[in-house]
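A.B. asks: Sharing a structure here in structure tokens format.
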Amino acid sequence: MTQTTDKVPTDLPEREYTVQGGGDWQTILPAPEGESERLVVNMGPQHPSTHGVLRLILEIEGESVTQVRCGIGYLHTGIEKNLEYRNWTQGVTFVTRMDYLSNFFNETAYCLGVEKLLGIEDQVPERAQVIRVMLMELNRISSHFVCLATGGLELGALTAMTVGFRDRELILDLFELITGLRMNQAYIRPGGVQQDLPAGAEKKIAETVTLLRKRYKDTHALLVGNAIWMGRTVGVGYQDLAACMALGATGPILRATGLPHDLRKSQPYCGYEDYEFEVATQDTCDAYGRFLIRLAEMEQSLNIVEQCLDKLSPGPVMVADKKIAWPSQLAIGPDGMGNSLEHIRHIMGESMEALIHHFKLVTEGFRVPVGQVYSAVESPRGELGVHMVSDGGTRPYRVHYRDPSFVNLQSVPIQSEGGMISDVVAAVASIDPVMGGCDR
Amino acid sequence: MGIEEKLPSGFLLTTVEGVAGYARKSSLWPATFGLACCAIEMMATGAGRFDLARFGMEVFRPSPRQADLMIVAGRVSQKMAPVLRQVYDQMPNPKWVISMGACASSGGMFNNYAVVQGVDHVVPVDIYLPGCPPRPEMLQDAILKLHDEIQHMKMGAHREVQVRELEAAALTATPVEDMKGLLR
């Protein structure tokens, strides 16, 4: 889908080169006077190297890129609107599908916001917070693995892809063991987590961490210092601190400029102040630096997961307030699924009050006091913030996500203009946008 | 009986349709059409553990012109629908479509202004694959079922008869709303 904007014969019927919805360049932008050989190339939205359904509009001169603009919105799902028609607990099911590679971060950011509005931050049990941190850090590793894998795929390093997906499977196995699902778990709920860890989970997690440490060395040996990998990424996608500040870029892009900005340190949540870890930084400002940061973060995350395992002590995983705690203690019944028979016996035969709570929560949900709140977590891609407004009802009045993929995508022009087309691919891969989070 | 009995050993008889079906099903080339969460599971299917290479189709073609299977993996937004149709139109015949996941099949949980309520509004679908997202094993199952369908696809005039028969069967099939009891 290419076209030159000059010398278009006027007697031909008007032809559209771009996909519909994006419109024809002729109607958007007439060819400037006196300019020649201006070539605009549309890369995406269906392109194997644009990290999902990102559309890059490139103006090129030979192999060099003179201008880049991002076209987004091809995965707009209307999740924020849907949230306004679901109760506060159901919202988790939607937000987990936003940035589908960092589900637990979306869920935690949302739940922290709801808990802040309810004023129950202090009542969330210790065990629930530790489980949240553990799952988020495992999620960070799996997300970085996919970043490596797809980034490698886009740069032609297929081994990086198979290695990344191989190791990610180990973490997905843990997710499946703990939550029952590989992706889109909706496991973290306002007030705690949906259910306790299953028997034997801690042992399995410890084993997986050991295995991941071993595999981590393989990934390290495969790519760090690899001449081809470095040739594609060193000095590519340069973005310094001033540019990051101007564009609001966070996450590995910001840390690759040498600024150790990490919300886990600067405004801890879920008890991150009690964990020992280092914020990885580089000072190269380029794609290779971001890659090194992601590798280092994976190792730090493994350390945090180990600390979580030490911290796990028996206890409840949901707030004690029965007017908020979702009654969802699942147990495997004879049909392989279902609510806990014990819970059903309790509400149906023993306690009228418990039945009322169950009924109210499941049919209507709990009410959240009027107010608004901003809560943010450090997702694998940067600051993931939620601004939510409550009008006092059982459903949110408005929930808005500040997704790092969306904000970081603004960096594409500054990172790629003046470089080669192939460097655009490397730069976008190093930003690691997830279009599900960007477009929502 | 016929010619079969007169053949020397080492010969097999089959039909052109059988051979063509066998060749077609064994060399499916999926297009990379990842949209959302399901795309990640689709990539996982192609990678080590699930290894789509066992069925000879681990190479996803970046260009739709080289592909004959479109796996619509993820939610299709109103903005993406024309792009999807264009990619489908660019694929050469014969071609097949797997609608992977609840969103692609029916809009899933996103019944709103932004999401197309089923990709069959835009392109004809051969296999609907439920799940959110479906496990890689489920995608493989869908692919194997599609292989079976392709193997038994008729050609030429036979195909027309087959299409008519399939349509007649579909008209008399039990509607979903009349399916009662446990779906097992």
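A.B. asks: Check A:L56: other-chain or 5+ apart residues with amide H under 5 Å from its amide H, H built from backbone geometry?
C.D. replies: Under 5 Å from the amide H of A:L56: A:M43, A:G44, A:G71.
A.B. asks: Within the set of other residues whose C-beta is less than 14 Å from the C-beta of B:L13, count the net charge using Lys and Arg as +1 and Asp and Glu as -1. Mind dumping the intermediate values first?
C.D. replies: Values: positive: B:K6; negative: B:E4, B:E5, B:E17.
Charge balance in the 14 Å sphere: -2.
A.B. asks: A further question on this structure: What nm value, rounded to one decimal, do you get for the distance between B:Y22 and A:Y397 when each label is placed 7 Å out toward the C-beta?
C.D. replies: Spacing of the two 7 Å Cα→Cβ label points: 7.0 nm.
A.B. asks: Another question about this same structure. Can you list the chymotrypsin sites (Phe, Trp or Tyr not before Pro) in segment A:236-329 that are in a DSSP coil and have 10 or fewer other beta carbons within 10 angstrom?
C.D. replies: Numbers: sites: A:Y238, A:Y269, A:Y272, A:Y275, A:F277, A:Y288, A:F291; in loops: A:Y238, A:Y269, A:Y275, A:F277.
Hits after loop and neighbour filter: nothing returned.
A.B. asks: How much of the accessible area of chain A, in percent, comes from carbon and sulfur atoms when a 1.4 Å probe is used? Let's see the in-between values first.
C.D. replies: Working: 9690 of 17700 Å².
Carbon plus sulfur share of accessible area: 55 percent.
A.B. asks: What ³J(HN,Hα) values, in whole Hz, does the Karplus curve 6.51 cos²θ - 1.76 cosθ + 1.60 give for segment A:409-416 when θ = phi - 60°, with x put for Gly and Pro?
C.D. replies: Calculated HN-Hα couplings, in order: 5, 4, 7, 4, x, 5, 7, 10 Hz.
A.B. asks: Something else about it: Is any residue of segment A:105-123 close enough, with backbone N under 18 Å, to a label point placed 7 angstrom from the Cα of A:S313 along the Cα-Cβ axis, and if so, which?
C.D. replies: Output list for this probe position: A:122-123.
A.B. asks: Next question. Treat each spin label as a single point 7 Å out from the Cα along the C-beta direction, and report the A:E121 to A:A331 distance in nm.
C.D. replies: 3.6
A.B. asks: Let me ask another. At the nearest 100 Å², what buried accessible area, both sides summed, do you get for A and B when the probe is 1.4 Å? Walk me through the intermediate numbers first.
C.D. replies: On the way: alone 19280 and 11560 Å², together 27620 Å².
For A against B, buried area totals roughly 3200 Å².
A.B. asks: Could you pull out every whole DSSP H run in chain A that spans at least 24 Å of Cα extent along its own axis and averages -0.5 or higher on the Kyte-Doolittle scale?
C.D. replies: On the way: long enough: A:126-155 (43 Å, 0.53); A:158-179 (31 Å, 0.73); A:201-223 (32 Å, -0.54); A:287-311 (36 Å, -0.03).
Those that clear 24 Å and a mean of -0.5 are A:126-155, A:158-179, A:287-311.
A.B. asks: Accessible area per residue of chain B at 1.4 Å probe, in Å²? Walk me through the intermediate numbers first.
C.D. replies: Working: 9920 Å² over 184 residues.
Computed with neighbouring chains in place, this is 54 Å² per residue.
A.B. asks: Right, here's the next one. Under a point spin-label approximation (7 Å from Cα along Cα-to-Cβ), what is the A:I344-B:L7 distance to one decimal in nm?
C.D. replies: Reported label-point gap for A:I344 and B:L7 is 5.9 nm.
A.B. asks: For a quick check of understanding: with a 1.4 angstrom probe and all protein chains in place, what accessible area in square angstrom does B:I150 have, to the nearest ten?
C.D. replies: For B:I150, the solvent-accessible surface is approximately 0 Å².
A.B. asks: If I build a Gaussian network model for chain A, linking alpha-carbon pairs within less than 10 angstrom, which residue out of A:E207, A:E115, A:E80 has the largest mean-square fluctuation?
C.D. replies: In this elastic network of chain A, the residue with the biggest mean-square fluctuation among A:E207, A:E115, A:E80 is A:E207.
A.B. asks: Which of the residue pairs A:K116/A:K323; B:K145/B:K180; A:K214/A:K311 have a Cα-Cα distance greater than 18 Å in the structure shown?
C.D. replies: Values: A:K116/A:K323 16 Å; B:K145/B:K180 25 Å; A:K214/A:K311 24 Å.
Pairs exceeding 18 Å: B:K145/B:K180; A:K214/A:K311.
A.B. asks: Now for a separate question. Any lysines with Cα under 26 Å of the A:K217 Cα? List them, leaving off those in the same chain fewer than 8 positions away.
C.D. replies: Hits, sequence-local ones excluded: A:K203, A:K204.
A.B. asks: Along segment A:244-254, what does the Karplus equation 6.51 cos²θ - 1.76 cosθ + 1.60 (θ = phi - 60°) give for ³J(HN,Hα), rounded to whole Hz, x for Gly and Pro?
C.D. replies: For segment A:244-254, the Karplus curve yields 4, 5, 5, 9, x, 6, 10, x, x, 4, 5 Hz.
A.B. asks: Would you compute, from DSSP H runs of 4+ residues alone, the mean residue ellipticity of chain A at 222 nm, taking -39500 (n - 2.57) per run and dividing by the full residue count, rounded to the nearest 500? Mind showing how you got there, number by number?
C.D. replies: On the way: 18 runs with 196 residues, N = 440.
Taking each H run of at least 4 residues, the total per residue is -13500 deg cm²/dmol.
A.B. asks: Using a 1.4 angstrom probe with every protein chain in place, what is the largest-first accessible-area order of A:I356, A:I253, B:I3?
C.D. replies: On the way: A:I356 90, A:I253 0, B:I3 110 Å².
I get B:I3, A:I356, A:I253, largest accessible area first.
A.B. asks: How high is the FRET efficiency from B:A168 to A:E84, r the C-beta distance, R0 60 Å, rounded to 0.05? Kindly include the intermediate steps, with their values, before the conclusion.
C.D. replies: Details: r = 46 Å, r/R0 = 0.76.
About 0.85, to the nearest 0.05.
A.B. asks: Could you work out the helix-only [θ] at 222 nm for chain B, with each DSSP H run of four or more residues adding -39,500 (n - 2.57) and the total divided by the number of residues, to the nearest 500 deg cm²/dmol? Intermediate results must be reported in sequence, preceding the final value.
C.D. replies: Details: 7 runs with 74 residues, N = 184.
Dividing the helical sum by the residues of chain B leaves -12000 deg cm²/dmol.
A.B. asks: Another one. Can you give the relative contact order of chain A as a percent, counting alpha carbon pairs under 8 Å and 6+ residues apart?
C.D. replies: On the way: 828 pairs, mean separation 104.3, N = 440.
Relative contact order of chain A: 24 percent.
A.B. asks: Still on this structure: List the DSSP H helices in chain B whose Cα atoms stretch 24 Å or more along the helix axis and whose mean Kyte-Doolittle hydropathy is at least 1.0. All intermediate terms of the calculation are to be shown ahead of the outcome.
C.D. replies: Values: long enough: B:156-172 (25 Å, -0.24).
Span-like helices here: none at all.
A.B. asks: Let me ask something additional. If a paramagnetic tag sat 7 Å from the Cα of B:N112 along the Cα-Cβ line, which residues of segment A:367-381 would have the backbone N under 19 Å from that point?
C.D. replies: Residues A:373, A:375 fall inside that zone.
A.B. asks: If you find the alpha carbon centre of segment A:353-426 and of segment A:178-201, how far apart are they in angstrom?
C.D. replies: Answer, in whole Å: 20.
A.B. asks: Computing the accessible area with a 1.4 Å probe over protein heavy atoms, can you report the carbon and sulfur percentage for chain B? Before the final figure, lay out each step's value.
C.D. replies: Numbers: 5800 of 9920 Å².
That share works out to 58 percent.
A.B. asks: Using modelled backbone amide H atoms (1.01 Å from N, in-plane), which distant-in-sequence or interchain residues come within less than 5 Å of B:R61's amide H?
C.D. replies: B:A31, B:T32
A.B. asks: Let me ask you something else. Any idea what the dipole of the protein assembly as shown comes to, in debye rounded to 20, about its Cα centre with Lys/Arg Cβ at +1 and Asp/Glu Cβ at -1? Could you put the intermediate results ahead of the total?
C.D. replies: Numbers: 57 positive and 74 negative charges, 167 e Å.
Using only the charged Cβ atoms, the result is roughly 800 debye.
A.B. asks: Also, quick follow-up: Which one of B:I3, A:V412, A:P48 is farthest out on the positive end of the charge dipole of the protein assembly as shown, using unit charges on Cβ (Lys, Arg +1; Asp, Glu -1) and the Cα centre as origin?
C.D. replies: Positive-end residue among those listed: B:I3.
A.B. asks: With a 1.4 Å probe on protein heavy atoms only, tell me which residues of segment B:104-132 lose at least 20 Å² of accessible surface in the complex relative to the chain by itself.
C.D. replies: At a threshold of 20 Å² (probe 1.4 Å), the residues of segment B:104-132 that become less exposed are B:M109, B:F110, B:N112, B:Y113, B:A114, B:C132.
A.B. asks: Just give the residues from segment A:182-197 buried by at least 50 square angstrom of accessible area in the all-chains context relative to the isolated chain, probe 1.4 Å, and say none if nothing qualifies.
C.D. replies: A:R182, A:M183
A.B. asks: Dipole size in debye (nearest 20) for chain B around its Cα centre, Lys and Arg Cβ +1, Asp and Glu Cβ -1? Numbers along the way, then the final one.
C.D. replies: Numbers: 18 positive and 19 negative charges, 94 e Å.
For this selection, approximately 460 debye.
A.B. asks: Which residue, chosen from B:A73, A:Q67, A:F366, occupies the Cα position most advanced towards the positive end of the dipole of the protein assembly as shown, where the dipole is computed from +1 (Lys, Arg) and -1 (Asp, Glu) charges on Cβ about the Cα centre?
C.D. replies: A:F366
The values are calculated or read from the model by the stated rules, or taken from the named source; none is laboratory data. Computed from a predicted model, the values in this text were never measured in an experiment. Methodologically, a virtual Cβ is constructed for each residue, glycine included, from the backbone with ideal geometry; neighbour enumeration extends over all protein chains shown. In case anyone asks, the SASA skips ligands and DNA or RNA and just uses the protein heavy atoms, side chains included. Shrake-Rupley method; radii C 1.70, N 1.55, O 1.52, S 1.80 Å.
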